[in-house]
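The values are calculated or read from the model by the stated rules, or taken from the named source; none is laboratory data. Every value quoted in this text rests on a predicted model; they were computed, and no experiment measured them. Positions of Cβ are generated from backbone atoms using ideal geometry, with glycine treated the same way; all protein chains shown enter the neighbour counts. Heavy atoms of the whole protein, side chains included, go into the accessibility calculation; ligands, DNA and RNA do not. Shrake-Rupley method; radii C 1.70, N 1.55, O 1.52, S 1.80 Å.
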Amino acid sequence: MTRYEYDSSLQSQNPVSQAQNSVEKAHNAVTQAQSHPSAQMIEQAETAVEKAERSIAQAGHDENKPAVEQADAQLAEDQSALQSLQPMEE
């Protein structure tokens, strides 16, 4: 892939796909925090969830409402899981 192709593929991402990607990153961060519930991992997951929330809010005005709603529902599940985590004793 040439640099030009890479740049154009980034530009072609729409707000919905950006939100979906952000939710996926948040999910991965929450999963890692569940596996290794250190204060640092939980904080990183919280940051990823906050970014995903902002991304979903930006995509909320898109015409692809079902995709945005699905991403929001997935994020809500991860938020719930994250809230139940307590940092392990170090």
If I go through region 19-60 residue by residue, how many of them are over 14 Å from L85 (Cβ atoms), without any contact (Cβ under 8 Å) to a residue 40 or more places away in the chain and open to solvent by 90 Å² or more (accessible area, probe 1.4 Å)?
5
Verdict on E69 being open to solvent by 70 Å² or more (accessible area, probe 1.4 Å), under 25 Å from N14 (Cβ atoms) and part of a helix (DSSP H, G or I)
yes
